[in-house]
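One structure is given here, and the rest of the page talks about it.
All of the numbers you see were taken from the coordinates with simple rules; none came from a lab. Predicted model only: the values in this text are computed from it and were never measured. Glycine also receives a Cβ, built like all others from the backbone with ideal geometry; neighbour counts cover every protein chain displayed.
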Amino acid sequence: MSGTNPDPILCIDGTWRHASDGGTRDIINPADGSVVAVVDEASADDGRAAIAAGRGAFDESSWRDTTVAERSALLDRIADLLLRDRDEIARAETLDTGKTLRESHIDIDDVVSVFRYYAKLVAVESDRLVDVGDPTIVSRVVHEPVGVCVLIAPWNYPLLQIVWKIAPALAAGCTMVAKPSEVTPLSTIALIRLAEEAGVPPGVLNLIQGSGAVIGDALTDSPDVDMISFTGGASTGAHIAAVAAPHVTRVALELGGKNPHIVFADADRDAALDAVITGVFLHSGQVCSSGTRLIIEESIADEFVAALVPRAQAIRFGDGLDDASETGPLVSQSHRDKVEGYVALGISEGATLVTGGERPADDEFAKGSYFPPTILDNCDRSMRVVQEETFGPILTVERFASEREAIELGNDTSYGLAAGVRTADTARAERVARALRHGTVWINDFGVYTAAAEWGGFGKSGNGRELGPTGLAEYQEAKHIWTNTAPKEVGWFTA
Ligand code: NAP
């Protein structure tokens, strides 16, 4: 299959086309190393053409004058089409990422809820009247689209992450260039085709697929771009912010996380065991909000860790298309090498390997990039394996003696994306939740979100927010219109 890409997959100004320099990329199934598709790999010129298309559609077409009711209906139509093609897109997501079909289906249901949420939210948006204390003045704040947006997504939740951007950007009336991760483009290609079918006009939603290293700067170093929304690693985010700075482009960054899951001795034991396991090993740990740091009260720590081990060992990993698999492989062989390296690093730093840690020897896993659930005990906050994002199925365990120490440990990170606290004491839960410097805090729960509540990070986990009303505001400019209904001379100057 390698070398042929029958269907053009770059969408620029409503035309589907191949890369201008003929570049292609094999898309690999991480479950077995097979090539599942060959797609176009855009050049920097293609990136610039996509931005020009977005600029033209914003400045010259009637798109930005569409009513909120029209855009709301469009979002609902896209949601309907996603449901129609749910199984097909879920399968593409699983082939691309390795995640289980069950997870891929959940992702699609989630993105449908995001389209529905913004369809409703934008429909009720109205001008805000400001009382300036003078009946002759009408002061209004109106919301207008920010303009041309570059939307860049990572590989772990390809469809979900791009929809958290596309849905509010469309709702706001922006035009955009969407760039999925080069290794996981299939679900985004399907989405853009559905958006076209739903009636999104040419040039409004352009699709570029290609290596960030090759086309990234062409997309972000441009005076024609009004806003960049990026989800990915912290160093890439910092690079993009620096490249965009001379243009004073608005930049929203959703970056990594190193998320504490704090368990007090009075927490419901079985629910806590289940949540810790799910919180870190779901999608083989390739989740920005993965609960990778277990911070546990020392009085229960030994027994709790011992109880985690058989649960971790019982997790069935395998091909995401196999219904028996509970979690899939890592996204690539190179990513597995990185995760494996972190286990070795943790051990060299003094951690105790309790379970996992070695790639499976069985033949059935030989061609895929599998790595087992791994627990490292006796960790402390000075270790790199505790501080750096491993983005794999690695749980590190730290112990605390007091509430204050638990908070200190939970906040001892340069990141600040998400955290969990488990206790039966509601007052303590509230104190700890308020003290933690993280964008989301779950009390006696973990990993859940809703389209109506903001998502984003403190510290190096980024800036800006996705989802909720703030997620729409990111794509809007607030404009104040002041109308004097009874103009007369001000008389400040006498001349
Ligand atoms: P990444 O390497 O930073 O890549 C993210 C995206 O940026 C990809 O589309 C990538 O393209 C592109 N890119 C790379 N270099 C670029 C450049 N110079 N200019 C513009 N774009 C560029 O991150 P990843 O490995 O895909 O994703 C994992 C990271 O995402 C983790 O750190 C994870 O925590 C984070 N994440 C955060 C959230 C959140 O909500 N905060 C959610 C999900 C993931 P190519 O890959 O095509 O080269």
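Couple of notes before you dig in:
- Globularity index of the range 326-412, i.e. its alpha-carbon radius of gyration over 2.2 N^0.38 Å: 1.20
- In the range 349-495, taking the dipole from charged Cβ atoms about the Cα centre, the farthest positive-side position among L467, W492, A424 is held by W492.
- C-alpha long axis of helix 68-84 to longest principal axis of the chain, angle in °: 40 degrees
- As a proxy for reagent exposure, ranking S181, S414, S187 by other Cβ atoms within 10 Å from fewest up yields S414, S181, S187.
- Close amide H pairs (under 5 Å, H built 1.01 Å from N) link F458 with G416, L417, G439, residues at least 5 positions away or on another chain.
- Note on the range 79-120: Cα Rg divided by 2.2 N^0.38 Å, N the number of residues, gives 1.15.
- The charge dipole of the chain, taken about its Cα centre with unit charges on the Cβ atoms of Lys, Arg (+1), Asp and Glu (-1) only, comes to about 900 debye.
- The range 341-382: mean projected area of Cα convex hull, nm²: 3.2 nm²
- Distance (nanometres) between label positions extended 7 Å along Cα→Cβ at D362 and D445: 3.5 nm
- Around S20: net Lys/Arg minus Asp/Glu count, Cβ-Cβ under 14 Å: -4
- Three principal axis lengths of the range 261-409 [C-alpha, angstrom, descending]: 46, 31, 24
- Folded to 0 to 90 degrees: helix 234-244 orientation relative to the chain principal axis, Cα: 20 degrees
- For the range 99-157, the alpha-carbon coordinates run over 62, 23, 14 Å along the three principal axes, in decreasing order.
- Charge dipole (debye, nearest 20) of the range 1-124; +1 at Cβ of Lys and Arg, -1 at Cβ of Asp and Glu: 380 debye
- Length-normalised contact order of the chain in % [C-alpha pairs under 8 Å, at least 6 apart]: 18 percent
- Signed unit charges on C-beta, dipole axis of the chain, positive-most listed residue G439, A307, I9: G439
- Cα point-scatterer Debye curve for the range 56-192, base-10 log of I(q)/I(0) at q = 0.10, 0.11, 0.12 Å⁻¹: -0.39, -0.46, -0.53
- Relative to the Cα centre, the charge distribution of the range 353-495, modelled as +1 at Lys and Arg Cβ and -1 at Asp and Glu Cβ, gives a dipole magnitude of about 560 debye.
- When the convex hull of its Cα atoms is viewed from all sides, the range 321-476 shows a mean projected area of 12.0 nm².
- P(r) histogram, all alpha-carbon pairs of the range 125-200 included - 10 Å bins from 0, percent: 17, 37, 20, 13, 10, 3
- Rounded D (µm²/s) - the range 1-68, Kirkwood Rh over Cα pairs, Stokes-Einstein at 10 °C, 1.306 mPa s: 115 µm²/s
- Taken over the range 143-246, the ratio of Cα radius of gyration to 2.2 N^0.38 Å equals 1.01.
- Crossing angle, helix 298-314 versus the chain [Cα axis fit, 0-90 degrees, rounded to tens]: 90 degrees
- Considering only Cα atoms, the convex hull volume of the range 10-119 works out to 115 Å³ per residue.
- Those lysines that a straight Cα-Cα span of less than 17 Å connects to K179, excepting residues fewer than 8 apart in one chain: K165
- Protection proxy ranking, peptides 464-471, 240-247, 276-283, average beta carbon neighbours within 10 Å, highest first: 276-283, 464-471, 240-247
- In plain terms, the bigger the Kirkwood radius, the slower the diffusion; for the chain, with that radius from Cα pairs, at 10 °C and 1.306 mPa s, Stokes-Einstein puts D at 66 µm²/s.
- By other beta-carbon atoms within 10 Å, ranking W63, W16 with the fewest at the front produces W16, W63.
- Taking a ≥ b ≥ c as the square roots of the eigenvalues of the Cα gyration tensor, the range 178-233 is classed as oblate, since a/c reaches at least 1.5 and a/b does not exceed b/c.
- Eigen-decomposition of the gyration tensor built on the alpha-carbon atoms of the range 191-269 gives equivalent ellipsoid semi-axes of 34, 21, 12 angstrom, largest listed first.
- Prolate/oblate/rounded call for the range 178-321, Cα gyration tensor, a/c under 1.5 rounded: prolate
- From largest to smallest, the equivalent ellipsoid semi-axes obtained for the range 305-365 from the alpha-carbon gyration tensor read 22, 17, 9 Å.
- Enclosed volume per residue, in Å³, of the convex hull spanned by Cα atoms of the range 37-93: 104 Å³
- Relative packing of 34-42, 144-152, 7-15, which averages over residues the other C-beta atoms within 10 Å, highest first: 144-152, 34-42, 7-15
- The chain, helix-only ellipticity at 222 nm - DSSP H runs n ≥ 4, -39,500 (n - 2.57), divided by all residues, nearest 500: -12000 deg cm²/dmol
- Cα extents of the range 388-495 along the three principal axes, largest first (Å): 76, 29, 26
- Order of K165, K460, K488 under a 10 Å beta carbon neighbour criterion, fewest first: K488, K460, K165
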